[in-house]
Amino acid sequence: CHFALGSAYSENLPGSETFNAEKMREVGMNDSMIHVDFMVGGPELQVSGVKSDGAEVPILVDGNWALEIE
């Protein structure tokens, strides 16, 4: 698993392949000159998200992807 900081990949937002820097910022995409990936993982890794109602949602459990995408 990894976390990325910096410039967003436009391919992640359908229809954004032709966006210029101004349009990317308008829709909330980062247009930094750099992009850095930080690798994380291992059997001890636990990551949870917190929903607006306060409920916790497991994302990584024991280093494995656990998020159920609906």
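When restricted to residues that are surrounded by 10 or more Cβ atoms within 10 Å (Cβ to Cβ) and charged (D, E, K, R), the range 13-28 contains 3.
Based on what the data block shows, is residue 48 under 25 Å from residue 69 (Cα atoms) and assigned by TED's automatic domain parsing to the domain that holds residue 67? Explain how you work it out, then say what you get.
Working: under 25 Å from residue 69 (Cα atoms): yes; assigned by TED's automatic domain parsing to the domain that holds residue 67: yes.
Yes; evaluated as a whole, the condition is true for this residue.
Summed over the range 1-55, the residues that are outside any loop (DSSP other than H, G, I, E, B) and touching a helix residue (DSSP H, G or I) at 6+ places or on another chain (Cβ under 9 Å) give a count of 2.
Could you check how many residues of the range 29-54 are aliphatic (A, V, I, L, M) and either surrounded by 10 or more Cβ atoms within 10 Å (Cβ to Cβ) or modelled with pLDDT of 95 or more (or both)?
First, the residues of the range 29-54 that are aliphatic (A, V, I, L, M): 29, 33-34, 36, 39-40, 45, 47, 50.
Restricting the remaining residues to those that are either surrounded by 10 or more Cβ atoms within 10 Å (Cβ to Cβ) or modelled with pLDDT of 95 or more (or both) gives 29, 36, 40, 45, 47, 50.
Number of matching residues: 6.
The set of residues from the range 29-62 being without any contact (Cβ under 8 Å) to a residue 40 or more places away in the chain and at positive phi comprises 42, 54, 62.
When each of 68, 44, 56 is tested for being under 16 Å from the mean Cα position of the chain (by Cα), of a type in the set (D, E, K, R) and more than 16 Å from residue 5 (Cβ to Cβ), the lone residue that passes is 68.
The values are calculated or read from the model by the stated rules, or taken from the named source; none is laboratory data. Please read all numbers here as calculations on a predicted model, not as lab measurements. As a convention, Cβ positions derive from the backbone with ideal geometry for all residues, glycine included, and neighbour counts pool all protein chains shown.
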